[in-house]
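Below: the structure, in structure tokens.
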Amino acid sequence: MKFFNLRANHTDVRTEVLAGFTTFISMSYILFVQPAMLAQAGMDKGAVFTATAAVSIFGTLMMAFIANIPIAISTGMGINSAFVFSVVLQQGYSWQEALSAMLLAGLLYLIVVITPIRDWIINIFPNDLKSAISAGIGLLIATIGLTGSGLIVADPATFTTMGSLTSPQSLLTIAGVLITLALYYYRIPGAIFLGMMVTTILGLVTGLVHAPSQVVSSVPSLKPTFGVAFSHLPAVMNWHILPIVLTFFLVAFFDTTGTILGVQKQMGTDRDTNKSLIASALGNISAAVFGTSPATAFVESNAGVSAGGRTGLTSVVVAILFALSLFFSPLLTMITPQITASALIVVGVLMLGNLKDIDWNNFKIAASAFLIVLGMPLTHSISDGILLGGGVYLVLSALDWIKKQFTK
């Protein structure tokens, strides 16, 4: 344990193990949400389940041994919706091509974090707009949860409207959302995961969810997705794919940077952020290789820090628990959109908290942030939202520069 320098970080093995369990329970919902989400793009659920666990293991171990920090890596919420709904379903790329674009984005990520370009990228937009991007993603994934569960449905006159609130499936969704919100409100550890489990039990009792024939099984094969990103690279080597590559890169980069800085602030330390970013970049590349949507540092890592986690040993424990979870893939058959809706909506609520960090008294910031936040759920596209608000910000900034030149 000398590697993790526990004594200098004022912690011990017992505390680190407890923190690891806390972080894992808080983020383990991704194992069930991710396959259900990516299946909508035509991907194999079992392969995505294994890929998600593999990325979580590899990326989190990179955090442990490169950065010695209690941060867990896994496939990010929000960016997975961009992968499915924006890139595949809206823009018409195959999921194989989307993985290839991810691979390019991951390589770009690694190049950026090992060069001075890193600081320029971090400063290209003010923090207010980075907060707006996170909030917009929150609205987008909450919208996906509401529409996927049937609470919000299409309408020819108003585009969307309220679905049936009395159908059994809708009632299960409503119960799940209320249960999860209550668990989170009362600060129950692993509230999102527990909310999904309670909702699943309700579904089993009412007959809306069917139990699998077995709970434990062999690990699902990675063959349908592993290495596909390499074989489809020639198909995406053109300028048309550039906006998608940049979107995958920017969202993962800003999201991870914000999480790392937040965790460090909570720990009261100022460690080498660049080491954490390098670990995250390697995790991102592994996501493309294994075959799942982009990886990011999970904000739920703060739960482990609150439990006393201070070193990479916490991350090692998280990785071990993800490895053990590989044998429970049959449970995937029970996870329906009505069950994942609670996770998507609650995460959306949490991400919307970023609105408080926006200077709404600055009109240039306010207008740009508003278009980013509103644009993402309305267009069902993260990149379109960034284009709308970011474009306005750049134009108004250019006008400011021109004005200064004439008033010198």
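The values are calculated or read from the model by the stated rules, or taken from the named source; none is laboratory data. Only a predicted model underlies this, so the values are computations on that prediction, with no experimental measurement involved. When we count neighbours, we look across all protein chains shown, and the Cβ atoms used for this are built from the backbone with ideal geometry, even at glycine. The area values use the complete protein model at the heavy-atom level, side chains included, leaving out ligands, DNA and RNA. Shrake-Rupley method; radii C 1.70, N 1.55, O 1.52, S 1.80 Å.
For the reader, a short list of remarks on this structure follows.
- Any hit, region 353-360, residues being modelled with pLDDT of 85 or more, among the β-branched types (Val, Ile, Thr) and not in a helix (DSSP H, G or I): yes
- The residues of region 120-129 that are over 21 Å from the mean Cα position of the chain (by Cα) and surrounded by 11 or more Cβ atoms within 10 Å (Cβ to Cβ), listed by number, are ILE124, PRO126.
- For region 356-366, the set of residues classified as among the hydrophobic types (A, V, I, L, M, F, W, C) and open to solvent by less than 50 Å² (accessible area, probe 1.4 Å) consists of ILE358, ILE365, ALA366, listed by residue number.
- Selection status of ALA369, on the phi < 0 side of the Ramachandran plot, surrounded by 13 or more Cβ atoms within 10 Å (Cβ to Cβ) and part of a helix (DSSP H, G or I): yes
- A count restricted to region 199-214 and to residues that are under 18 Å from ALA341 (Cβ atoms), open to solvent by less than 60 Å² (accessible area, probe 1.4 Å) and either free of Cβ contacts under 8 Å to residues at least 40 places away in the same chain or among the small types (Gly, Ala, Ser) (or both) stands at 1.
- Those residues of region 216-270 which are in contact (Cβ under 8 Å) with a residue 24 or more places away in the chain and among the small types (Gly, Ala, Ser), in sequence order: SER217, SER218, SER221, GLY227, ALA229, SER231, ALA235, ALA252, GLY258, GLY262
- Criterion: part of a helix (DSSP H, G or I), in contact with a strand residue (DSSP E or B) (Cβ under 8 Å, 6 or more places away or on another chain) and closer than 19 Å to PHE370 by Cβ - qualifying residue of THR147, THR143: THR143
- Where ALA343 falls short, out of the listed (1) at pLDDT 80 or above; (2) open to solvent by less than 50 Å² (accessible area, probe 1.4 Å): (1)
- Scanning region 18-46 for residues that are open to solvent by less than 10 Å² (accessible area, probe 1.4 Å) and farther than 18 Å from THR340 by Cβ gives ALA19, GLY20, THR23.
- Failed criterion for LEU350 (all others in (1) in a helix (DSSP H, G or I); (2) out of contact with any helix residue (DSSP H, G or I) (no Cβ under 9 Å at 6 or more places or on another chain) hold): (2)
- Residue ID - farthest from THR336 (Cα to Cα), chosen from residues in region 175-196 that are surrounded by fewer than 16 Cβ atoms within 10 Å (Cβ to Cβ) and aliphatic (A, V, I, L, M): ILE188
- Test result for VAL113, crowded, with 22+ Cβ neighbours inside 10 Å, β-branched (Val, Ile, Thr) and closer than 27 Å to PRO377 by Cβ: no
- Helices (runs of 4 or more DSSP H) (entirely within region 6-74) containing at least 3 residues that are touching a Cys at 6+ places or on another chain (Cβ under 9 Å) and closer than 30 Å to SER149 by Cα: none
- Failed criterion for ARG118 (all others in (1) part of a loop (DSSP other than H, G, I, E, B); (2) closer than 30 Å to ASN362 by Cα hold): (1)
- Single residue of LEU89, LEU104 found to be over 22 Å from LEU222 (Cα atoms), part of a helix (DSSP H, G or I) and over 17 Å from the mean Cα position of the chain (by Cα): LEU89
- Taken over region 150-160, residues that are free of Cβ contacts under 8 Å to residues at least 60 places away in the same chain and outside any strand (DSSP E or B) amount to 3.
- Matching option when the condition is in contact (Cβ under 8 Å) with a residue 40 or more places away in the chain and under 25 Å from SER381 (Cβ atoms), among ILE124, ILE133: ILE133
- Residues that are farther than 19 Å from THR336 by Cα and open to solvent by 20 Å² or more (accessible area, probe 1.4 Å), drawn from region 130-149: LYS130, SER134, LEU139
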